[in-house]
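The values are calculated or read from the model by the stated rules, or taken from the named source; none is laboratory data. As the structure is a computational prediction, the values presented were derived from the model and not from experiment. Positions of Cβ are backbone-derived with ideal geometry, glycine not excepted, and every protein chain shown enters the neighbour counts.
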Amino acid sequence: MKFAVAVYPGSNCDYDTFYVIKDVLNKDVRFIDYRETKIDNVDCVILPGGFSFGDYLRPGTLAAHTPLTQAVVDFAEKGGVVIGICNGFQILTEAHLLPGALLPNVHGKFVCKHQYLKVENTDTIFTKKVKKRVLKIPIAHHDGNYFCDEDTLKTLKENNQIVLRYCDKDGNVTKDANPNGSVENIAGIVNKKGNVFGLMPHPERASENVLGSLDGLFILESVIESL
Amino acid sequence: MLIKFFIRPRKGVLDPQGRAVAESLRSLGFDNVKDVKVGKYIEVYITDIPKEEAEKHAHLMAKKVLVNELIEEYEIQIVENT
């Protein structure tokens with residue numbers, strides 16, 4: 001089981017993600033530079049959080065057009081497992097590996113806090129080991145307001161592609177529990193094939209007791225068990 | 001040769017920047033402000049080619065990178081002899 005963590009100019013959660021895989025989960029992991037054109041000998045690629053290319057033009061856009069992301073598209077098309085966290089999620093939508101877009105938060109503010117998340121689908125390779133209905137994982141973003149048109153939303157629902165929704169601590173998906181204005185409180189989705197996962201919360205920031213939550217490990221451990 | 005891109009949020013897509021600017025303008029006494037949309041203006045300078053061809057290039061650039069048509073709309077303007 002080999003992981004690779006993408007590094008774009010402006011990625012800033014790359015080392016945290018690398019650390020959790022290597023030192024907390026004891027798995028093989030390497031960094032992969034945005035100029036690389038091939039992804040060899042890797043089972044799962046993680047696009048980390050941050051502000052790739054300074055969020056210039058739109059968050060994730062310029063990163064989506066790098067050689068590495070084009071290689072990630074090929075990798076995903078061949079069935080490779082891809083996770084996009086925060087800015088990584090934005091990159092995946094801009095690269096059309098996931099539907100929809102991430103708009104600026106409805107209130108115009110950056111949000112940085114622990115967030116409760118309802119697990120809507122545990123039948124994915126990213127959530128099969130999740131033992132709780134409600135997870136507590138930090139979010140930290142300015143553009144996390146998931147948007148898609150009605151047809152896309154319908155398709156997401158029909159195929160059970162909505163994996164995580166923002167909720168309160170009891171698992172109620174309410175408007176008050178929505179931190180950014182996302183359509184139907186969407187916090188994370190998978191593609192139709194189920195091998196690409198994008199989420200705004202940061203599992204790597206909820207992976208040791210000292211961080212206040214271990215819930216992020218469920219996601220990474222699910223992937224490890226699946227592959 | 002210059003291509004000008006005028007990009008703005010699509011109708012019905014939330015524009016928190018526009019809303020904040022509208023509120024600010026109203027607070028300054030501009031009571032007649034109904035709505036504000038904040039977009040982007042991009043200038044792309046290219047080597048001289050026939051105008052028709054430049055338009056094709058411009059739309060390709062827009063669709064490939066400059067604009068996300070799910071959330072934005074755009075117009076182009078070609079300026080020759082720049």
Exercise for the section: Identify all residues within region A:204-225 that are of a type in the set (S, T, N, Q) and either under 16 Å from A:PHE18 (Cα atoms) or under 17 Å from the mean Cα position of the chain (by Cα) (or both); write none if there are none. Expected result: A:SER207, A:SER222
Exercise for the section: Assess whether A:LEU153 counts as being on the phi < 0 side of the Ramachandran plot and touching a residue at least 60 places away in the same chain (Cβ under 8 Å). Expected result: no
Handout entry: Odd one out for B:GLU52, checked against (1) of a type in the set (D, E, K, R); (2) more than 30 Å from A:LYS109 (Cβ to Cβ); (3) surrounded by 11 or more Cβ atoms within 10 Å (Cβ to Cβ)
Key = (3)
Practice task
Please indicate, with yes or no, whether at least one residue in region A:42-60 is under 19 Å from B:GLU72 (Cα atoms) and either of a type in the set (Asp, Glu) or assigned to a helix (DSSP H, G or I) (or both).
Solution key: yes
Exercise for the section: Scan region A:62-119 for residues that are under 28 Å from A:ASP33 (Cβ atoms), assigned to a loop (DSSP other than H, G, I, E, B), at the interface with chain B (Cβ under 9 Å from one of its Cβ atoms) and over 17 Å from the mean Cα position of the chain (by Cα) and jot them down. Expected result: A:HIS65
Exercise for the section: Take region B:21-38 and flag every residue that is in contact (Cβ under 8 Å) with a residue 12 or more places away in the chain, farther than 21 Å from A:CYS148 by Cα and surrounded by 12 or more Cβ atoms within 10 Å (Cβ to Cβ). Expected result: B:VAL21, B:ALA22, B:VAL36
Problem - region B:1-20 - residue that is at pLDDT 95 or above and among the β-branched types (Val, Ile, Thr) and, of those, surrounded by the fewest Cβ atoms within 10 Å (Cβ to Cβ) - result: B:ILE7
Problem - Every residue from region B:56-68 that is within 12 Å of chain A (Cβ to nearest Cβ) and without any contact (Cβ under 8 Å) to a residue 12 or more places away in the chain - result: B:LYS63, B:LYS64, B:VAL65, B:ASN68
Exercise for the section: Quickly run through region B:19-36 and pick out the residues that are among the β-branched types (Val, Ile, Thr) and away from chain A (no Cβ under 14 Å). Expected result: B:VAL33
Problem - Hits in region B:39-57 - residues which are touching a helix residue (DSSP H, G or I) at 6+ places or on another chain (Cβ under 9 Å) and more than 19 Å from A:PHE147 (Cβ to Cβ) - result: B:ILE42, B:VAL44, B:ILE46, B:ASP48, B:ILE49
Problem - Test for A:LYS192: is it closer than 13 Å to A:LEU98 by Cβ, of a type outside the set (Val, Ile, Thr) and assigned to a loop (DSSP other than H, G, I, E, B) - result: yes
Exercise for the section: Considering only residues that are among the aliphatic types (A, V, I, L, M) and over 20 Å from A:LEU98 (Cα atoms), look in region A:120-159 and name the one that is farthest from the other protein chains (Cβ to nearest Cβ). Expected result: A:VAL130
Fill in the blank from the handout: Inside region A:140-170, the number of residues satisfying the requirement of being under 13 Å from A:ASP215 (Cβ atoms) and out of contact with any Leu (no Cβ under 9 Å at 6 or more places or on another chain) is 1
